[in-house]
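To start, the structure under review is shown below, and the notes come after it.
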Amino acid sequence: MSSKLLNIESIRKQFPILHQKVNGKDLVYFDNAATTQKPLSVIESLNTYYSLHNANIHRGAHTLADRSTGLFEATRKSVQAFINAAESEEIIFTKGVTESINLVAQSYGRKFLTAGDEIILSQMEHHSNIVPWQIIAEETGAIIKVMNIHPNGELDMVHYQSLLSVRTKIVSCVWASNALGTINPIKDIIALAHQFNAVVMIDGAQAGSHIEIDVQDLAIDFLALSSHKLYGPTGLGVLYGKRKLLEAMPPYQGGGEMIKEVSFEKTTYNSIPFKFEAGTPNIGDVIAFNEAIIYVTVLGKDAIAQYEQSLLTHFVNGLYALQNTFGEKAISLIGTAKNKVAVQSFVMENKHHFDIGLMLDAKGIAVRTGHHCTQPLMHYYGIEGTVRASFAFYNTVEEIDILLESLKKMLERG
Ligand SMILES: Cc1ncc(COP(=O)(O)O)c(C=O)c1O
């Protein structure tokens, strides 16, 4: 249990959920790409909010309303700093990455796409970065083009360049693949798209907790993040958008908060970010999310990435050792790109991924099995699904050895 930069033992103490038995064994939680666990500071913030501060925000003339408004807006400022946005008004709170992408597709897409315009996605997208574009493409007559990938799970950048043209209006691409772990070269993707005046939406669901984010340096137009994959509460996400784009977009939903003046004849809309935050937002969770951002910032993304890479390397080496013993087909790695977050998918010959998941669960090991909401990617590999282990900074080499030992026993049994 070691890292030069992080005290893993003391970190683990901050995550109460990790200290339990599952099926009689110590829990080994390797499903971090699906959702991360929450530190005490986040859990306690929720308790404090509902015990002391709970009030609706932005419109109350009383102390509790002022207090919760201040705490809520403080998170917006923290997110701004976390991703180096130019202004806090460019940060919109949503339900998650899924809603952030739907917002851009429905608002920007509906206003700016016309028949024959092209939207470029990649073969490795999560369904939440495919279906919203299909819906708007059907409505507007826009056409979806798909960037190829190489067998190791890296994007085919030559193919990408061949797809770009004056017809390209939107490029929407995942920063780090949830199924493969591949970190995509988004700076290049964005720069190339901008040569054709296309706007770029980046799905940052898996990047937020591992990779340093600077939206200005990367020139990102839209970025979607998810709180629950960043050690924060569920049901909460962020949409970052450049001011000039957000201002040009119509509202996504109508209701309270997002208006300036309402009459039956005409309604005028609030300024950003409120134009896109109709109704009472997820106040308590937004406030607790601030604690998650602080937690990750204090640990430091570089230290986190370095430690998680050592876990990934340990696991991958272990899988290759199993291949050496049992044969290459017995256990195959899916996603072997050079640049990856700490996610590794694999399949085993003659074993269904779901059965492997159940056998591991019996030993207290939580992994994800299935298509990981990336069915087009699974089709590319000619498989139905994988087993996926995804690591976080509270995981240990010892836990990975428990997983490797369990896989070895399965292979021995044949
Ligand atoms: C790459 C990727 N995109 C989008 C999503 C959806 O995110 P959310 O749960 O915040 O809607 C996920 C969640 O698994 C993901 O991994």
From Leu18, Leu71, grab the single residue that is outside the structural domain of Thr280 (by TED's automatic domain parsing) and surrounded by 14 or more Cβ atoms within 10 Å (Cβ to Cβ).
Leu18
Suppose we keep only residues that are closer than 25 Å to Gly382 by Cβ and either polar (S, T, N, Q) or more than 16 Å from the ligand (Cβ to nearest atom) (or both) within the range 96-142. Which one would you say is surrounded by the fewest Cβ atoms within 10 Å (Cβ to Cβ)?
Gln134
Search the range 23-35 for residues being within 17 Å of Val387 (Cβ to Cβ) and assigned to a strand (DSSP E or B), and hand back the single one that is nearest to the ligand (Cβ to nearest atom).
Asp31
Please determine whether any residue of the range 30-49 is hydrophobic (A, V, I, L, M, F, W, C) and over 28 Å from the mean Cα position of the chain (by Cα).
no
For the range 158-171, check the following and say yes or no: at least one residue is buried (at least 22 other Cβ atoms within 10 Å of the Cβ), basic (Lys, Arg), over 15 Å from the mean Cα position of the chain (by Cα) and away from the ligand (no atom under 13 Å from the Cβ).
yes
Can you tell me which residues in the range 140-185 are in contact (Cβ under 8 Å) with a residue 60 or more places away in the chain and among the β-branched types (Val, Ile, Thr)?
Val146, Ile149, Ile170, Thr182, Ile183
Any residue in the range 101-118 that is in contact with a strand residue (DSSP E or B) (Cβ under 6 Å, 6 or more places away or on another chain), in the same structural domain as Leu225 (by TED's automatic domain parsing) and more than 23 Å from Tyr252 (Cα to Cα)?
no
Output the residue which, of all residues in the range 214-232 that are assigned to a loop (DSSP other than H, G, I, E, B) and buried (at least 22 other Cβ atoms within 10 Å of the Cβ), is farthest from the ligand (Cβ to nearest atom).
Asp221
Search result, residues across the range 177-204 that are among the hydrophobic types (A, V, I, L, M, F, W, C), closer than 21 Å to Ala337 by Cβ and touching a Lys or Arg at 6+ places or on another chain (Cβ under 8 Å):
Ala179, Leu180, Ile183
Can you tell me how many residues in the range 254-305 are farther than 19 Å from Ser226 by Cβ and out of contact with any strand residue (DSSP E or B) (no Cβ under 7 Å at 6 or more places or on another chain)?
19
Among the numbered criteria (1) crowded, with 24+ Cβ neighbours inside 10 Å; (2) more than 11 Å from the chain's Cα centre (by Cα), which single criterion is violated by Arg243?
(1)
For the range 192-204, indicate whether the set of residues that are assigned to a loop (DSSP other than H, G, I, E, B), at pLDDT 95 or above and within 11 Å of the ligand (Cβ to nearest atom) is non-empty.
yes
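The values are calculated or read from the model by the stated rules, or taken from the named source; none is laboratory data. In this text, all values refer to a predicted model and were calculated from it rather than measured experimentally. Cβ: placed from backbone, ideal geometry, glycine included. Neighbour counts: every protein chain shown.
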